[in-house]
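K.L.:
Have a look at this one before I ask anything.
The values are calculated or read from the model by the stated rules, or taken from the named source; none is laboratory data. In this text the structure is predicted, and so the values were computed from the model without any measurement. Glycine also receives a Cβ, built like all others from the backbone with ideal geometry; neighbour counts cover every protein chain displayed. The protein model used for the area step is the full one, side chains on, heavy atoms only, and it has no ligands, DNA or RNA in it. Shrake-Rupley method; radii C 1.70, N 1.55, O 1.52, S 1.80 Å.
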Amino acid sequence: MIIGKVHPFPEDPQVLSIALALAIHITAGITCVCCGAIAALTWKGSPRHRRFGRVYLWAWAVVYLTLTVMSVIRWRENVHLFVIGTLGLTAALTGYVNRGRRPDLHILAMGASYVLLLIGFYVDNGPRLPLWERLPTVAYWLLPALIGSALIARAIVRRRQRHASAHSDSR
């Protein structure tokens, strides 16, 4: 009796492309979440903040590249994720470009890119996550946005207070 061959990878190139893009996408997404959090929680302008910020930006670019591949393959199912990703990468690039010149815009844009990353994750995966599956769909969009907006506003206010304090001390 001859048993058929067992293939470790699917033979359909489309399925293989999606699986490979998804594996890279997940790895880059986890890298974004970790490096973005570390950059946000470290002293602004420090070598650690800059290093993790650069890794965050490059990982975001990889997330976007893989998202684009998966969106082209399954456009109808992923167009909303493509829009979220386009906005998120645009925000990250805006934040990076304004890192030295306009610190409030840097904080706002980098924070928005992180929030959009999380929104994309929850919109796509929320229905399959414990506890999140109990929430209405609108929560996948609003909860990261509301929490993220509050944290971004707090970071901008704290930066302005430190900046004002430093200027009043130097007089």
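K.L.:
List every residue pair whose Cβ atoms sit under 8 Å apart, with the two residues 6 or more apart in sequence or on different chains, where the first one lies in the stretch 46-68 and is closer than 15 Å to TYR114 by Cβ and the second, anywhere, is open to solvent by 50 Å² or more (accessible area, probe 1.4 Å) and basic (Lys, Arg).
P.N.:
Cβ pairs passing all conditions: GLY53/ARG99.
K.L.:
Looking at the stretch 91-110, which of its residues are of a type in the set (Val, Ile, Thr) and either touching a Pro at 6+ places or on another chain (Cβ under 6 Å) or in contact (Cβ under 8 Å) with a residue 12 or more places away in the chain (or both)?
P.N.:
Step one: filter the stretch 91-110 for residues of a type in the set (Val, Ile, Thr), giving 94, 97, 107.
THR94, ILE107 - these are the residues of the stretch 91-110 that are of a type in the set (Val, Ile, Thr) and either touching a Pro at 6+ places or on another chain (Cβ under 6 Å) or in contact (Cβ under 8 Å) with a residue 12 or more places away in the chain (or both).
K.L.:
Next question, about the same structure. Can you find a residue that is more than 13 Å from the chain's Cα centre (by Cα) and exposed (fewer than 13 other Cβ atoms within 10 Å of the Cβ) anywhere in the stretch 90-106?
P.N.:
Yes, the stretch 90-106 has at least one match.
K.L.:
Then there is this: Exactly one of these conditions fails for ALA21: (1) out of contact with any Ser or Thr (no Cβ under 8 Å at 6 or more places or on another chain); (2) assigned to a helix (DSSP H, G or I); (3) modelled with pLDDT under 90. Give me its number.
P.N.:
The failed condition is (1).
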